[in-house]
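Novice: The structure follows.
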Amino acid sequence: MRWRFVIPLVIFMGFVGLFVVGFDLNPRAIPSPLVGKPAPFFSLPRFDQPDQMVTPEMLRGKPYLLNVWATWCVSCRMEHPELMRLAGEGVRIVGFNYKEVRGDASVDARRLSPEAEREWAWARIEEWLQKGGNPYDVVVVDLTGRSAIDYGVYGTPETFFVDAEGIIRHKQVGPISRAIWEGELRAKWLAIAGGEKGGPYERR
Amino acid sequence: MRGRHKRLVIVAVGVALLAAAVGLILSAFRENLVFFITPSEVAAGKAQVGQFFRVGGLVERGSLRREEDGVTVYFRITDTVHGLTVVYRGALPDLFAEGQGAVAEGVLRADGVMEAKRVLAKHDETYMPPEAAAAVEQAKRAAQSMKE
Amino acid sequence: MLAEWGQVALAVAAVVAGLQAVLGLAGAERGWSAWMTAARRAAVAQAVLLGIAFGLLVVLFLKSDFSVRLVASHSTTVTPWYYRMTASWGNHEGSMLLWATALAGWGAAVAGGSSSLTATMRARVVGILGLVSVGFLLFLMLTSNPFERLVPPPAEGRDLNPLLQDPGMILHPPLLYMGYVGTAVAFAFAIAALLTGRLDAAWSRWARPWALTAWVFLTLGIVVGSWWAYYELGWGGWWFWDPVENAALIPWLVMTAFLHSVIVTEKRDAFRAWTVLLAIAAFALSLLGTFLVRSGVITSVHAFATDPTRGLFILGLLAITVGASLALFAWRAPTLSGGGGFNWGAREATLLVNNVLLSVAAASVLLGTVYPLLVEALGGGKLSVGEPYYVAVFVPLMAPAVLLMGIAPFLRWKGDDWRRVGKTIGVDLLVAAGGALAIVGGWGNGSWRAWLGLSLALWVFASSGRLLWRRLVGERREREEKGRSVRVRWRETPAGWWGMWLAHLGVGVFIVGVTVLGALERRLDVKMVPGGSTMLADYRFVFQGVEEVAGPNYKAQRATIEVWQGDRQVAQLRPEKRDYYFSTMPMTEAAIDSTLWRDLYVSLGEPLEGGAWVVVLFYKPMVFFIWLGPLLMAVGGVLAALDRRYRLMGSRGERSKMGIS
């Protein structure tokens, strides 16, 4: 009758196995449906030239990281130094500022006029880029967050890896840290940027 | 012998009890599972009339309508491709708003409207309920693959 | 600098915990008393260090030091000080630190406070607790460092979720965590028993007060949580079968089973392996609860996606701790020699059935909680398991358990004559069922469920009354023979008996609350215009309109609603809709008028044109009993834990008698 004392262990192991499987297939880890598709269209003002609109077509030609961020996002703050480092290594990063004012839980944007919201957003972004440095090739500002919906953004930071043809190759949810970059993202970047002449991270 | 006999009875009764309990749980389980169905799937006929299920997505802008009594509300939940009209009687949750993520739980009527027993809104400022987010992503995936 | 000191305290505590484990386990194995003493000191030191670390975190929050990431993300300068304090454990990292601190506290308590234990037993238990501590502290430092700096520091932080800005939240997490972590002590005792192969009556007496204390914390934690959800969430419910709630209920059910099984182990030397298994299971399920709640696997949102290492780490910790324990169990349990004879129709048997029912109930909740996760993980689509499932399972499982609860205390150990007990019990049962039928009939809208619930509750009361009578007055024949007065009998009654009696009575009180509320509750969602009124039950609610008021860190729309019964005003309720400055989340504050017999519960919906509002009105009869019952159980648990028998036993004469050196 000794075997019966092993039953709990077996059941438990089964449970652990299921959990491990559950982790692997975690729904929040599924690749974005956008992977393999062209970057969805947007037409958003440039931060440095607010009267000029930027579309994904204009960004084509060289691979880039589309980094969705906001100054109220604590994780973005953690991520910023790593972005600075990557920019220093020659990675082209496009900043996609997401709901700068109305996304901020500490601001009641419902009582702001659109002009005030815009003015405030620019001031906040300016301060951020001055203090922490500017890793971005170009920054686009999506005040309402409507364009972000097409990218399936539901939190910040999120980073899309877009190749020279404008196709999304990978989506990173959550902040990019040194460890995550070195661990898996670097290879993904190399895969889309490596072939390009004179580009960053040329295949060695 | 009496002792062994007794033991046998106990084991038998115990096993019967356990089997009954397990049977009870499993049958209760089957009957009370609530499936999550996206608006697109509803449009494709995946939900039966009279079925109790959950639907998630964004509350379509401009779709919120209130009846004279003030407590009966109509709105559409959309995954950006298809929408489902929901009717609900009662106070809506704090974070319920047009253009925001929401989940409704209820029964599909013959006229294609969901009669909701419960409405949940997103519970954090920046994030959608995962089910609502999943519905939107799924619909987009489908829409994109259709374009190609 | 404070944050760095906190970091240092954490690291040193981890090292000390390692020492505690090695010294305790090796010392006990070899019989080196110096090592065993050192292990106990280490346990105390570890608790002090973690107390300091946690204290520092609270200070950082009070000082609003936004150079610490945790503070910046969960607190602002205009948050009142007491909520800045609670903010320190209202988040993942802080609550994990609280977990570890509580664990060390329990370790120190065992090290310093259980003089009745033999030195080796104590060293083993302390050592095992040290081992668990090491795992948790590593988890803290590697994946969830609460003292992490944020460069550059922001000028202002993000506010704590307004839901958590509530007095209930001050109490709820610490209580629950003390309960969760307390299961670790029972677990440590179980592992020590497996290591030594000794599991006897003395072991049960040692382990029981600890298990009882943990169970009391767990009970109180659940009650406070339920009460908080009731008045804070504004939905009027008291239990939602939410994964977070289930995560606390599952270990509670298993601990309850353990407390009953350990009695049999003590009195009759039976169920040994089972008792040990329950202790391991309770701890495993507490860990799992932490895992589910804190990793966000089920409650999801974003936390998990940003840092899957946390979930994996806890899963690893769980796999190692519980896997090793169960392997040890498989190996050693057969050597825990089987118990004495077993007699059907005796108390053992009812306790066995009770254990089966409680365990199955725990398993069913676990299934309902975990199944949606598994199905989704295996690609079967999203689904959820709602309240109907739990009700369908719980009622048929718990009804026989409650029935047996009224019988068991009358039964004798070993063997009993069913006919002897049957006569009196039969009468009580008939009275309860008949009484319930009369009452439910009087309601006019009674269901069989209401009848069943009320019958069970009346049955508990009847048998509790009879039990008390037996205890204090006794049967006439007995009284004449022994000639003992009620007063003597009162004095002779041990605290443990009162504990059992109160806890069982509490079950009855709880069932009354649930049943009456379920049958007679009234809810009305209604549009109200200023000056208008609505009837609910026999109360008239008069809506006086809404005004704007300001709080310390919010402004609110506050309605005034008068409640009249006939021509007498019974209450004035002021529900609010709050807008916190640092959060765009609006919050509904319900207003409640409570008496023992009923609650009137009002919350504001949304504004309509012309000063009208959607208002949700509840009439909730006897809802207070739902919390009163568990409170009685907790008081019972305290009484039982304080029972002198557990403390004296084994300290003097008993020890030599039991052959323990």
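Novice: Of a type outside the set (Val, Ile, Thr), more than 14 Å from chain C (Cβ to nearest Cβ) and surrounded by 17 or more Cβ atoms within 10 Å (Cβ to Cβ) - does that describe any residue in segment B:44-54?
Specialist: Looking for residues that are of a type outside the set (Val, Ile, Thr), more than 14 Å from chain C (Cβ to nearest Cβ) and surrounded by 17 or more Cβ atoms within 10 Å (Cβ to Cβ), one finds none in segment B:44-54, hence no.
Novice: Can you tell me which of C:437, C:454 is touching a residue at least 24 places away in the same chain (Cβ under 8 Å) and in a helix (DSSP H, G or I)? Outline the logic, then answer.
Specialist: Working: C:437 fails: touching a residue at least 24 places away in the same chain (Cβ under 8 Å).
Just one listed residue meets the conditions, C:454.
Novice: Okay, moving on. Quick check on segment C:338-352: of everything there that is in contact with a Gly (Cβ under 8 Å, 6 or more places away or on another chain) and at negative phi, which residue is modelled with the lowest pLDDT? So that I can check it myself, show each step before the final result.
Specialist: Within segment C:338-352, the subset in contact with a Gly (Cβ under 8 Å, 6 or more places away or on another chain) is C:341, C:343, C:345-346, C:352.
Subset that is at negative phi: C:341, C:343, C:346, C:352.
Details: C:341: 57, C:343: 60, C:346: 75, C:352: 86.
Checking each candidate, the answer is C:341.
Novice: Would you point out which residue out of B:110, B:91, B:97, B:104 is assigned by TED's automatic domain parsing to the domain that holds residue B:46 and either at pLDDT below 75 or farther than 22 Å from residue C:586 by Cβ (or both)?
Specialist: Being assigned by TED's automatic domain parsing to the domain that holds residue B:46 and either at pLDDT below 75 or farther than 22 Å from residue C:586 by Cβ (or both) holds for just one of B:110, B:91, B:97, B:104, which is B:110.
Novice: Taking the options C:78, C:71, name whichever one is crowded, with 24+ Cβ neighbours inside 10 Å, β-branched (Val, Ile, Thr) and within 14 Å of chain A (Cβ to nearest Cβ).
Specialist: That would be C:71, the only listed residue that is crowded, with 24+ Cβ neighbours inside 10 Å, β-branched (Val, Ile, Thr) and within 14 Å of chain A (Cβ to nearest Cβ).
Novice: Of the residues that make up segment C:120-133, is at least one under 30 Å from residue C:645 (Cα atoms), of a type in the set (Ser, Thr, Tyr), in contact (Cβ under 8 Å) with a residue 40 or more places away in the chain and buried (at least 19 other Cβ atoms within 10 Å of the Cβ)?
Specialist: The answer is yes, given that some residue of segment C:120-133 is under 30 Å from residue C:645 (Cα atoms), of a type in the set (Ser, Thr, Tyr), in contact (Cβ under 8 Å) with a residue 40 or more places away in the chain and buried (at least 19 other Cβ atoms within 10 Å of the Cβ).
Novice: Turning to a different aspect of this structure: What single numbered condition from (1) closer than 29 Å to residue C:622 by Cα; (2) part of a helix (DSSP H, G or I); (3) not basic (Lys, Arg) fails to hold for residue C:372?
Specialist: The failed condition is (1).
Novice: Quick one: what pairs do we get from segment C:209-223, first residue touching a residue at least 60 places away in the same chain (Cβ under 8 Å) and under 24 Å from residue C:239 (Cβ atoms), second outside any helix (DSSP H, G or I) and not small (Gly, Ala, Ser), C-beta under 7 Å, 6+ apart or different chains?
Specialist: Short answer, once both residue conditions are applied: none.
Novice: Given the criterion within 24 Å of residue C:235 (Cβ to Cβ) and within 10 Å of chain C (Cβ to nearest Cβ), identify the matching residue among B:88, B:74.
Specialist: Values: B:74 fails: within 10 Å of chain C (Cβ to nearest Cβ).
One residue alone meets the criteria, B:88.
Novice: Looking at C:322, C:365, which is the one that is more than 11 Å from chain A (Cβ to nearest Cβ), part of a helix (DSSP H, G or I) and modelled with pLDDT of 80 or more? Quick ask: steps written out before the conclusion?
Specialist: Numbers: C:322 fails: more than 11 Å from chain A (Cβ to nearest Cβ).
On inspection, the qualifying residue turns out to be C:365.
Novice: A follow-up question, please. Could you grab me the full set of residues in segment A:144-175 that are closer than 27 Å to residue A:119 by Cα, charged (D, E, K, R) and crowded, with 19+ Cβ neighbours inside 10 Å?
Specialist: Of everything in segment A:144-175, just one residue is closer than 27 Å to residue A:119 by Cα, charged (D, E, K, R) and crowded, with 19+ Cβ neighbours inside 10 Å, namely A:158.
Novice: Report, by residue number, each residue of segment A:31-72 that is of a type in the set (Asp, Glu) and in contact (Cβ under 8 Å) with a residue 40 or more places away in the chain. Give the derivation first.
Specialist: Looking only at segment A:31-72, we keep the residues that are of a type in the set (Asp, Glu), and these are A:48, A:51, A:57.
Correct list: A:48, A:57.
Novice: Moving on to the next point. If I filter segment C:198-208 for residues that are in contact with a strand residue (DSSP E or B) (Cβ under 6 Å, 6 or more places away or on another chain), buried (at least 22 other Cβ atoms within 10 Å of the Cβ), modelled with pLDDT under 90 and not assigned by TED's automatic domain parsing to the domain that holds residue C:599, do I get at least one hit?
Specialist: Of the residues in segment C:198-208, the ones in contact with a strand residue (DSSP E or B) (Cβ under 6 Å, 6 or more places away or on another chain) are none.
Within segment C:198-208, none of the residues are in contact with a strand residue (DSSP E or B) (Cβ under 6 Å, 6 or more places away or on another chain), buried (at least 22 other Cβ atoms within 10 Å of the Cβ), modelled with pLDDT under 90 and not assigned by TED's automatic domain parsing to the domain that holds residue C:599.
Novice: Looking only at strands (runs of 3 or more DSSP E) that lie completely in segment A:135-183, which have at least 1 residues being within 12 Å of chain C (Cβ to nearest Cβ) and aliphatic (A, V, I, L, M)? Write out each step before concluding.
Specialist: Details: elements: A:138-142, A:158-162, A:168-173.
In segment A:135-183, the matching strands (runs of 3 or more DSSP E) lie at A:168-173.
Novice: Any chance you could count how many residues in segment C:111-142 are of a type in the set (Ser, Thr, Tyr) and closer than 11 Å to residue C:28 by Cβ? Give the derivation first.
Specialist: Start the filter on segment C:111-142 by keeping residues that are of a type in the set (Ser, Thr, Tyr), which leaves C:114-116, C:118, C:120, C:133.
Restricting the remaining residues to those that are closer than 11 Å to residue C:28 by Cβ gives C:118, C:120.
The number of residues fulfilling the criteria is 2.
Novice: Quick one: which of C:604, C:596, C:617 is outside any loop (DSSP other than H, G, I, E, B) and either farther than 30 Å from residue A:72 by Cβ or in contact with a helix residue (DSSP H, G or I) (Cβ under 6 Å, 6 or more places away or on another chain) (or both)?
Specialist: Details: C:604 fails: either farther than 30 Å from residue A:72 by Cβ or in contact with a helix residue (DSSP H, G or I) (Cβ under 6 Å, 6 or more places away or on another chain) (or both); C:596 fails: outside any loop (DSSP other than H, G, I, E, B).
C:617 is the lone residue from the list that is outside any loop (DSSP other than H, G, I, E, B) and either farther than 30 Å from residue A:72 by Cβ or in contact with a helix residue (DSSP H, G or I) (Cβ under 6 Å, 6 or more places away or on another chain) (or both).
Novice: Also, quick follow-up: Considering segment B:78-103 alone, what residues qualify as being among the hydrophobic types (A, V, I, L, M, F, W, C), touching a helix residue (DSSP H, G or I) at 6+ places or on another chain (Cβ under 6 Å) and free of Cβ contacts under 8 Å to residues at least 60 places away in the same chain?
Specialist: Quick first cut of segment B:78-103, residues among the hydrophobic types (A, V, I, L, M, F, W, C) only: B:81, B:84, B:86-87, B:91-92, B:95-97, B:102-103.
Those still in the list that are touching a helix residue (DSSP H, G or I) at 6+ places or on another chain (Cβ under 6 Å) too: B:81, B:84, B:103.
Hits for segment B:78-103 are B:84, B:103.
Novice: Which one of C:284, C:279, C:273, C:247 is modelled with pLDDT of 80 or more, crowded, with 20+ Cβ neighbours inside 10 Å and more than 14 Å from chain A (Cβ to nearest Cβ)? I'd like the intermediate steps shown before the answer.
Specialist: Working: C:284 fails: more than 14 Å from chain A (Cβ to nearest Cβ); C:279 fails: more than 14 Å from chain A (Cβ to nearest Cβ); C:273 fails: more than 14 Å from chain A (Cβ to nearest Cβ).
C:247 is the lone residue from the list that is modelled with pLDDT of 80 or more, crowded, with 20+ Cβ neighbours inside 10 Å and more than 14 Å from chain A (Cβ to nearest Cβ).
Novice: Report yes if residue C:62 is outside the structural domain of residue C:320 (by TED's automatic domain parsing) and in contact (Cβ under 8 Å) with a residue 24 or more places away in the chain, otherwise no.
Specialist: Numbers: outside the structural domain of residue C:320 (by TED's automatic domain parsing): yes; in contact (Cβ under 8 Å) with a residue 24 or more places away in the chain: no.
It is false that residue C:62 is outside the structural domain of residue C:320 (by TED's automatic domain parsing) and in contact (Cβ under 8 Å) with a residue 24 or more places away in the chain.
Novice: So, in segment B:55-71, exactly how many residues are within 14 Å of chain C (Cβ to nearest Cβ) and more than 11 Å from residue B:116 (Cα to Cα)? Give the steps one after another, and end with the answer.
Specialist: Narrowing segment B:55-71 to residues within 14 Å of chain C (Cβ to nearest Cβ): B:55-57, B:59, B:64-71.
Those left that are additionally more than 11 Å from residue B:116 (Cα to Cα): B:56-57, B:59, B:64-71.
So the count comes out to 11.
Novice: Enumerate the helices (runs of 4 or more DSSP H) found wholly within segment A:23-133, keeping only those where 3 or more residues are modelled with pLDDT of 85 or more and closer than 20 Å to residue A:187 by Cα.
Specialist: Details: elements: A:56-59, A:74-88, A:114-132.
The helices (runs of 4 or more DSSP H) meeting that bar are A:74-88.
Novice: Restricting to strands (runs of 3 or more DSSP E) lying wholly in segment C:498-562: which have 3 or more residues that are within 14 Å of chain B (Cβ to nearest Cβ) and either within 30 Å of residue C:78 (Cα to Cα) or over 22 Å from the mean Cα position of the chain (by Cα) (or both)? Can you show your working first?
Specialist: Working: elements: C:522-528, C:533-536, C:539-550.
Ranges flagged: C:522-528.
Novice: Okay, next question. Restricting the search to segment C:539-582, which residues are free of Cβ contacts under 8 Å to residues at least 60 places away in the same chain, of a type in the set (A, V, I, L, M, F, W, C) and under 15 Å from residue C:605 (Cβ atoms)?
Specialist: Matches in segment C:539-582: C:556, C:559, C:561, C:573.
The values are calculated or read from the model by the stated rules, or taken from the named source; none is laboratory data. The model shown is predicted, which means the values in this text are computed figures rather than measured ones. All Cβ positions, even for glycine, are placed from backbone atoms using ideal geometry, and neighbour counts span all protein chains on display.
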